[in-house]
Every structure is written in C-alpha cells, then in structure tokens.
1. Does B:Ala175 satisfy being within 14 Å of another protein chain (Cβ to nearest Cβ), farther than 28 Å from A:Ile239 by Cα and part of a helix (DSSP H, G or I)?
2. So which residues in segment A:123-177 are touching a Gly at 6+ places or on another chain (Cβ under 7 Å) and facing chain B (nearest Cβ under 9 Å)?
3. Just to verify a result, which residue in segment A:209-249, among those that are of a type outside the set (Gly, Ala, Ser) and not in a helix (DSSP H, G or I), is surrounded by the fewest Cβ atoms within 10 Å (Cβ to Cβ)?
4. Take B:Val150 and decide whether it is without any contact (Cβ under 8 Å) to a residue 24 or more places away in the chain, assigned to a loop (DSSP other than H, G, I, E, B) and out of contact with any Leu (no Cβ under 6 Å at 6 or more places or on another chain).
5. With the structure loaded, tell me whether B:Ala235 is touching a residue at least 12 places away in the same chain (Cβ under 8 Å) and within 30 Å of B:Ser160 (Cβ to Cβ) or whether it fails that test.
6. Quick check on my filter: what residues within segment B:279-306 are within 10 Å of chain A (Cβ to nearest Cβ) and not in a helix (DSSP H, G or I)?
7. Can you report the number of residues in segment A:244-301 which are over 20 Å from B:Val161 (Cβ atoms) and among the charged types (D, E, K, R)?
8. Between B:Leu184, B:Leu207, B:Leu211, B:Leu218, which is of a type in the set (A, V, I, L, M), within 32 Å of the chain's Cα centre (by Cα) and at pLDDT below 85?
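The values are calculated or read from the model by the stated rules, or taken from the named source; none is laboratory data. From a predicted model like this one, the values you see are computed outputs, not experimental measurements. Neighbour counts are summed over all protein chains in view; Cβ atoms, including those assigned to glycine, are modelled from backbone coordinates with ideal geometry.
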Amino acid sequence: MVTEPLSTGGVAPVAFREPGPIARSWDAVFSFTRRKPLGAFGGAIVVLLVAVAIGAPVFAPYAPLENNQAVALKGPSLASIDGTFPHLAGTDQFGRDVFSRVVYGAQTSLYIGVLVTVVSTIPALALGVASAFFGGWVDYFLQRFVDTVQAVPYLILLIAIMVVLGPSFINVVFALSFRRAVTESRVLRGSTLGLMNQTYIEAARATGATNGRIMLRHLVPNLVPLLIVLSSTAFAGVILSEASLSFLGYGVPPPRPSWGGMLAADGRAFMYAAPWMLIAPTLALAIVVFGVNMFGDALRDVLDPRLRGAR
Amino acid sequence: MYYPPTTGDGGTTGSRMAKYIMRRLVGLIPTLLLLLFLVVVLIDLIPGDIVDLMLAERTGSNDETARAALEEQLGLTQPLPIRYVEYTSRALRGDLGASLWTQRPVTELIAGRAWASIEIGLLSILLGSVSGVMIGAVSAVRQDGWLDYVLRSVSILGISVPTFAIATAVVVLPAIWWGTAPSLRYVGFSEAPWAHIKIIMLPAVVLAIGLSATVMRLTRTTMLEVLRQDYIRTAHAKGVAEQSVVFRHALKNAMIPVVTVLGLQVAFLIGGSVIVESVFAIPGVGRLLLSAISNRDYPIVQGVVLVIGVFVMVTNLLVDVSYAWLDPRIRYS
C-alpha cells in the first residue's frame, strides 16, 4: 500500500492531507469508544494498571517491604501519624502500608500477565501448528498429551508444577505459561486444520516450499489475529490464576507483594482484627480483572469478524 | 416405506453411536496411561532427595534403616519403568498405596473425603446452571435493554471477582457488619442434617457464582444466535405465543453449547473447590490434597491427582455422548 502522498506533478498540494499515524490511531480510539463504551472503560482500567505498575515508585507513598512495628495493624485513615504520609488503606501486621503494597502488587500482576502471554505463545504455536500440519501419529500423540494435561484441573496442575519446581516468580510464570500453551494449542490446531485446506497452502506446496517454510511463512502469520484475540481474552484468566495460586501459598513467594498473596493465610489470620488488609487487594483484583475482561471482550468483537453478528 | 436413518458405512444411528462410544473409550486408554506416567514421575521431578527431606522432617535423624524403609515404601529402590508398571497395575486393581504418615490406604482416605466435595460440586452445578440459563435467556430476550445491561454487567463482575475473594468476603463482611461470622465447623449429614446443609450451602453458592456468570454469558450469546434463525421467525409468524417461542423453540436449541461448557466447567469447579474447601474448612478432597502436599505425603498427592484426572476424563466423555440426546443432528465421526 502506498502511504506517502502521491506526487502532484509540480502543482502545489491541496490543503487536504491524509491523516498521519497519530491522528489515525486517535480516530481508532474514538471509534472504538463510540462502538464499545464499556470496552473503552475496560481499556482505561488497563491503561491505569500499566501506569500504576510502571510508576509504582511514584504512586506508592511507602516502600512495599518497609516494616514499622509502631504502626502495625492500623486502620485506613487520612490522618497523618507523626507527620508521615497517611496510611490510606491501613497497615498490616508488620506495619507495612497496604496501599503501597497494592500499588506494587499491580506490578506483579501485570508482569506475570504480560510474561505468561508472551512466553506461552511460542510453545502454543509449535504444538498446535505441528500437530495439525503433520497429522497422523504425531497429531494423535500430541493431542493425547493435551487431553492428559487438560484432565487435571488447572489449579491442581499449577500447584503440582509449583511443588515440583519450588516457589519463585519465574516458576509461577513457567507453570502458568505451560498450562496456557497447552490449552491454546488446541484452538490453534483447529484453526491450522482449517487453513491447511486453503488454496494458497496447496500453491505453496506446488512451488516446492519446504514444510518449515509453509508453517512459518504461510500458517503462523495467518494465526496471528487469532492469537491476539486469544491473548486478550486469556489475560484476565492469567492474572486470576496467579492470584489464586498465591492465595493458596503456591504462587509468588513473600515478601514480594501479590494481590492473591495478600489475601492468603497472613491476611486471613487477621481478617477479623484488620479486615482492611483484605479489602484493598480484593478491590484492586476485582477492578483490574473486570476491566481486562471488558476490554478483551470488546477487542475480540472488533477484531474477530466472525463474532461480530453476535453483538 | 420406512428407511431407518443410515450412516455412510450402513450402520443405524444406534450402532454408530455404540461404535463412537467404544472408540472414545479406547481413546481414553493412552490418555489414562499418560496420566499414570505423570503421576508416577511426579516424585522423581521434585528437586533434592525427597527421602532426606522427609526423614529430616519426620525424625530429625538420618539413620539407615528408617531411610531404607522409606525408600522401599515410596518404591524408590526400583527404576522408573518398573515403578510405572507396578503403580499402574496396582491402580487398576484399586490400590493407590497408603499414606506415609498414617498408613491408611489412599483409596479409603479419598472415599472418606469425596462425599463433601461431590455434594458441593453437584449443588453448585445445579445452582449455577439453572440461574445462569434463566438470566441468560432473559438478557437475550431483552437485548440492549436496560435489564440486559444490568444483567451483563453483574455477570462480568461475577467472573471478575475471584472465588477466593468472594469466599473470604462471605466470611469477613458479616463479621464486620453484624459481628457474627458463618460457622466454619463442619458436621456430617448423619450427625446433624440441617446444620450440615447450612455448612455445605455457603461454599456451593460461592462456587456457583462464577459458573452462573459463565453460563449466563454463553446462554445469552447462543440465544441471540438462535433467535435470529428462520424457524423462530416462522414460529412468530404463525402466531405462537412469545413465551412458547422463547422456551420451547429457542432455549431448547440454545442449550447445546451450554452443556459443553458445563462439562468443561467440571474441571474448573474442582479447582475452585480446593479454594472454597480451604476457606470454609470443609474436609473434602481438595483439602486432603493441600494438606498432603504440605505434609509431603506423596502417595495421597498421586492418588488424588489420578482420581480427579480420571473423573474429569469420564465427565468429558459423558458430555460428548449426551449431545446425541440433545441434538439428533449431530453426527459422530
């Protein structure tokens, strides 16, 4: 496609100009907002999540691990204690500022969400495309493997993987990516089977393209839109899974703040004495998952024309 | 002359169905063998010498006889392929080993805990699917009305708030507002039936919320699709009452994908029941698993993962087979 303005052959260009890339993307945002107001609201929450996560040191009045026994288990208040910044969401049993921990918890959620989405893509593609492309025994065994993994409920599988790997941030990413890659490979396999019947695959084969070339140059690029849709709808699930895992004590190890972890055994031990320790992380989690869900749904409707009629 | 519905290879629908079920059952075998392998290999994958770890935790000492006995009990004296064959043949005979600490058979432990989990699971499926289908149908019929918006927003909220947060809130909020918390002391049905039902109800409702929201969204989407079909227009045109169109013509046909999702949700519910059992202190299979993990009681962990895996596989098979009754158009191939 020609993106540069066409030469007008010496005649001074008319005032009308193609909108630049920035103007065009603003247009896209506006039309998305008009068509999908709830989705745009969700998108705003996602933007807020990213801003808070990246700017955590700016937004958080305290360091997330800063202990201060003098103010342990204080309720939320706007009043300052000894001239320090007020503890907006209260403090926990170590006197750590709950609000600051929620802000840093956004970092944990976002990083895990993004890492898992990115990391799981490659094995999901490899598994799904290879299974469909080679068919026969390869497909049979790969699909039985997928069956087996899916037969174990996701949370139990994740716990089992975490027990084997031991608690660490990276292992949480690995466990969640593994599960997501396996689930997604099934969908990608289905779509690849559909693509394999297309004439251009036949044409590529006729021109002597190797298997690898057909998979990488012809199949994978055509799966990218589907991948984007899958990622946008699965992102919330990843954040929830991490929170559930941390809640049960098999997720991101303390003291790193994680919303799920803040609701875990520690938080529940004080749930009657200091319920505010639970309220802020629950709200944060609910708002973010809500926003990501709304945004993902709207994005899917806009990006996937097959579902457009279902609005 | 009557021609029975035939299939490509000449069999009737019934025999074709039987063949399909047979093939699916045979198809379960490799999956089951693979699951058994994963369960056996679980012990090898755990880093470090687990015998050392367990001895240290158990006795604090490291004497040779205790060590040998423990290795024997875990079967670690044998190489992996032999252990696999042994575990598989024992499992097929219904022997999943014994707890390392109490020496009680794993099957007995699981059977003792299964009832509470099954009760909660069934109750939440019932509550979640019935409410989800009803709300979804209403939402579809009133598409883009204010009621539709409210119901959809509530359902997305239901999906967004994690089970453990709802469960915790159910326990904490009454304590803050009214100074009382729901009782978390489990009683069996035979001891006190009414108290038992009250205890089971709360976790079942909490689990049902997420399910209901999922079912609601799916019912709404498929209902909207079905409501656009020609036969619905025909029904309207020939003057069938609105209620009858919605319930007899549309909802019935919209149920097929809903059943699929219900089947898939079984695995999801089992994961969720680990959480509610942990929050509400219900002695179910989920808590058995969590406590077995923290006690390093690996035969129990293996047994629970295996039993749950088989349960999910069988459920999925039943869901696939049940399509035939729901939708005679579906061909098994």
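1. Judged against the criteria, B:Ala175 is a match.
2. Residues satisfying the conditions are A:Ala151, A:Val152, A:Pro153, A:Tyr154, A:Leu155, A:Ile156.
3. A:Thr210
4. So B:Val150 fails the test.
5. Spelling it out, it is not the case that B:Ala235 is touching a residue at least 12 places away in the same chain (Cβ under 8 Å) and within 30 Å of B:Ser160 (Cβ to Cβ).
6. B:Arg296 - this is the single residue of segment B:279-306 that is within 10 Å of chain A (Cβ to nearest Cβ) and not in a helix (DSSP H, G or I).
7. The total comes to 4.
8. Testing whether each residue is of a type in the set (A, V, I, L, M), within 32 Å of the chain's Cα centre (by Cα) and at pLDDT below 85 leaves just B:Leu184.
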